[in-house]
Amino acid sequence: MTTTITDQDQFKTDVEALVEKLGPGRSSLIPILADVKRRFHRIDSESMQTIADVLDIHPVEVYSVASFYAFLHGAPEGQFVIRLCGTLSCDFAGKEAIADALKAELGIGFDETTDDGLFTLEWASCVGMCDQGPALLVNDEVHTRVTPETAKEIVAACRAAVVAKEG
Amino acid sequence: MPATIETQGNALTYETIEPEAGLKAALAMSRADLVDTVRDSDLKGRGGAGFPTGMKWGFCAAEKADQKYIICNADEGEPGTFKDRVILTRFADLVFEGMTIGGYAVGASLGIIYLRAEYTYLRPHLNDVIQKRRAAGLLGHNVCGVEGFDFDILVAMGAGAYVCGEETALIESLEGFRGEPRNRPPFPVVAGLLNNPTVVNNVETLASVAAIMAKGTDWFKGFGTDKSTGYKLFSISGDCEKPGVYEFPWGITVADLLKEVGGEGAMAVQIGGASGVCIPAKDFARALAFEDIPTGGSVMVIGPDRDILDVAENFLDFFVEESCGQCTPCRLGNMQMLEAVKLLKQGECPPAFLKNVKELGATMQVASKCGLGQTSPSAFLSILEGFGDEITNRAASA
């Protein structure tokens, strides 16, 4: 993301626009981080510095908040973050088989990202679909009653969406 | 409506509440009478802690401040809980109605609904409902034509932290900080969001307020027990035939509940989520009520073929992950508990270590800073109590 001076300038302009919309207060920090994460799939130290400058706080404050929340941590993630629910009900419903299917299909373990930058696999604490487990989130989208077969289809649909977008 | 993720269950009282009847009844009252009415209903917080709603509103109403807030806690993170998701999907208007009634009662002009990141797909629906309410004059300047009563509602997003369901952690998060609970007092009703008096209520609590104002306190008190008035939504999952969201009056026994959902023959039931207690089959005559087994409504049915230590391990994994790390009993205590469960599973837990861990659990219950740490050992301790012989007599796996 912010690798060149021009990119950094553009990023700063983007953050300033967000602050314009959300307000200059500290309470804008989490929405800003969420937006940056959604667009760039990572929050690197340069971005944290820029956000800190715009909000007039110390960059370590930005890091401290980003690293606290499961959905905001700064490490690079894939375009599609798959969060498999780990709670007891989804466990009873067979989450391990889904975990195995996803690992085999993606060729990565949990808390890892595929080399092509498309997928990150994570555990979620509870996604609130306990009556319809196993459940998982793909970014903001929820899938329920997942089977090893449909898990593969979900991954395939993400890949197809990328191909369609890139034409 | 968002693409409904169909959850089964029984008929819900909310379906029968006339829209805006509660709000109109509330706005026809004086603020003091309104607070008294909610107090008289004896409604207790539906998120799990069970604090009397009318009392909370009364404290906040008594504060003198230019700005006050009503926060709806939609950070439904307790494992096994999904009734707020269903309420927000099907009855968002009732929730916003409840917030508006709260705003009028305590003198707040802004309501904020704090929605967990895992429910981001509900956000467009909620914004849509809010927009329609503004257009209908149910939010904004002079709500329902009541001179001088301005009230609006915003949606704020969580970012993936169970502890933010704790009200002071939620407020920290809204202010842009790590979701670390504050010391109390001062309580949020005195000094909450941006140091202003703030009411934090659960989604179901606010919907219940709207229902109570529509139908009256006598109607509400006709359900439940003397000490637990009204009805409650339960999120039922696990080893049963008909999981879903069910409404029952307070006081239903575990056995009767299991009959309704096709969960007879269970070995145990985890009530209240990861922070709740594990009830073994011999205690199924006990009742779900504030005076017996209090709960936010999570009921996970544990079938006869499950390993009860897997249950304990799942919850302790959860707490090791979700402890905010601020205070030592919770941060380190849960790791020790998890270690004990792992040793027990292998049949290799030294009795002295187990004794220490039990004492540690008791320490965590009193010495942790917030509800997360205080309740985190409960499941394991109740499993040790209910299944102690079976657990401690396992042969070493080697």
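Table: residues versus (1) within 12 Å of chain A (Cβ to nearest Cβ); (2) in contact (Cβ under 8 Å) with a residue 12 or more places away in the chain; (3) under 21 Å from A:Q132 (Cα atoms); (4) in contact with a Leu (Cβ under 8 Å, 6 or more places away or on another chain).
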residue: B:G272; (1), (2), (3), (4): no, yes, yes, no
residue: B:L288; (1), (2), (3), (4): no, yes, no, yes
residue: B:V299; (1), (2), (3), (4): yes, yes, yes, yes
residue: B:I308; (1), (2), (3), (4): yes, yes, no, no
residue: B:F315; (1), (2), (3), (4): yes, yes, yes, yes
residue: B:F318; (1), (2), (3), (4): yes, yes, yes, no
residue: B:C327; (1), (2), (3), (4): no, yes, no, no
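Name the residues in segment B:191-214 that are out of contact with any strand residue (DSSP E or B) (no Cβ under 9 Å at 6 or more places or on another chain), of a type outside the set (G, A, S) and farther than 23 Å from B:G296 by Cα, would you?
Selection gives B:N195 alone.
To keep it simple, each residue is scored yes or no on (1) under 27 Å from A:V142 (Cβ atoms); (2) modelled with pLDDT under 95.
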{"position": "A:V15", "(1), (2)": "no, yes"}
{"position": "A:I30", "(1), (2)": "yes, no"}
{"position": "A:I43", "(1), (2)": "yes, yes"}
{"position": "A:E46", "(1), (2)": "no, yes"}
{"position": "A:Y63", "(1), (2)": "no, no"}
{"position": "A:C90", "(1), (2)": "yes, no"}
{"position": "A:G94", "(1), (2)": "yes, no"}
{"position": "A:A97", "(1), (2)": "yes, no"}
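Any residue in segment B:207-217 that is farther than 20 Å from B:R90 by Cβ and away from chain A (no Cβ under 14 Å)?
yes
Quick one: how many residues across segment A:121-152 are over 18 Å from A:A93 (Cβ atoms) and charged (D, E, K, R)?
Adding up the residues that qualify gives 3.
Among the residues of segment B:119-154, what is the count of those that are among the small types (G, A, S) and in a helix (DSSP H, G or I)?
Taking segment B:119-154 and keeping what is among the small types (G, A, S), we get B:135-137, B:140, B:145, B:148.
Now restrict to residues that are in a helix (DSSP H, G or I): B:135, B:145.
So the count comes out to 2.
Being over 21 Å from A:T13 (Cβ atoms) and either more than 10 Å from every other protein chain (Cβ to nearest Cβ) or in contact with a Gly (Cβ under 6 Å, 6 or more places away or on another chain) (or both) is the filter here, so list the residues in segment A:50-65 that pass it.
Once the filter is applied, which keeps residues that are over 21 Å from A:T13 (Cβ atoms) and either more than 10 Å from every other protein chain (Cβ to nearest Cβ) or in contact with a Gly (Cβ under 6 Å, 6 or more places away or on another chain) (or both), segment A:50-65 yields A:H58, A:V60, A:Y63.
Considering only segment B:205-322, give the helices (runs of 4 or more DSSP H) lying wholly within it that have at least 3 residues that are under 30 Å from B:E339 (Cα atoms).
Working: elements: B:217-221, B:254-261, B:308-322.
Where helices (runs of 4 or more DSSP H) fall fully within segment B:205-322 and carry at least 3 residues being under 30 Å from B:E339 (Cα atoms), they are B:308-322.
Starting from residues that are of a type in the set (D, E) and within 13 Å of chain A (Cβ to nearest Cβ), keep the ones in segment B:170-205 and report whichever is surrounded by the most Cβ atoms within 10 Å (Cβ to Cβ).
Here the answer is B:E172.
Given segment B:331-398, what helices (runs of 4 or more DSSP H) lie entirely inside it while holding 3 or more residues that are touching a residue at least 60 places away in the same chain (Cβ under 8 Å)?
Output list reads B:371-375, B:378-392.
What number of residues in segment B:25-73 are under 24 Å from B:L174 (Cα atoms) and hydroxyl-bearing (S, T, Y)?
2
Mind listing whichever residues of segment A:107-164 are of a type in the set (S, T, N, Q) and more than 14 Å from chain B (Cβ to nearest Cβ)?
A:T113, A:T114, A:T147, A:T150
Where in segment B:21-118 are the helices (runs of 4 or more DSSP H), entirely inside, with at least 1 residues that are within 14 Å of chain A (Cβ to nearest Cβ)?
Hits in segment B:21-118: B:83-90.
Among the residues of segment B:114-136, write down those that are without any contact (Cβ under 8 Å) to a residue 60 or more places away in the chain and touching a Leu at 6+ places or on another chain (Cβ under 8 Å).
Going through segment B:114-136, the residues without any contact (Cβ under 8 Å) to a residue 60 or more places away in the chain turn out to be B:115-120, B:123, B:126-136.
Within segment B:114-136, B:L115, B:E118, B:Y119, B:R123, B:L126, B:I130, B:R133 qualify.
Of all the residues that make up segment A:89-106, how many are within 14 Å of chain B (Cβ to nearest Cβ) and in contact with a Gly (Cβ under 7 Å, 6 or more places away or on another chain)? Reasoning before the result, please.
Start the filter on segment A:89-106 by keeping residues that are within 14 Å of chain B (Cβ to nearest Cβ), which leaves A:89-96, A:99.
Next, only the ones that are in contact with a Gly (Cβ under 7 Å, 6 or more places away or on another chain) stay: A:89-90, A:92-93, A:95.
Residues meeting the conditions: 5.
Return the residues of segment A:2-49 that are within 14 Å of chain B (Cβ to nearest Cβ), buried (at least 16 other Cβ atoms within 10 Å of the Cβ) and of a type in the set (G, A, S); say none if nothing qualifies.
A:S27, A:S28, A:A34 - these are the residues of segment A:2-49 that are within 14 Å of chain B (Cβ to nearest Cβ), buried (at least 16 other Cβ atoms within 10 Å of the Cβ) and of a type in the set (G, A, S).
The values are calculated or read from the model by the stated rules, or taken from the named source; none is laboratory data. Quick caveat: nothing in here was measured; it's all calculated off a predicted structure. A quick note on method: Cβ atoms are made from the backbone with ideal geometry, for glycine too, and the neighbour counts reach across all protein chains shown.
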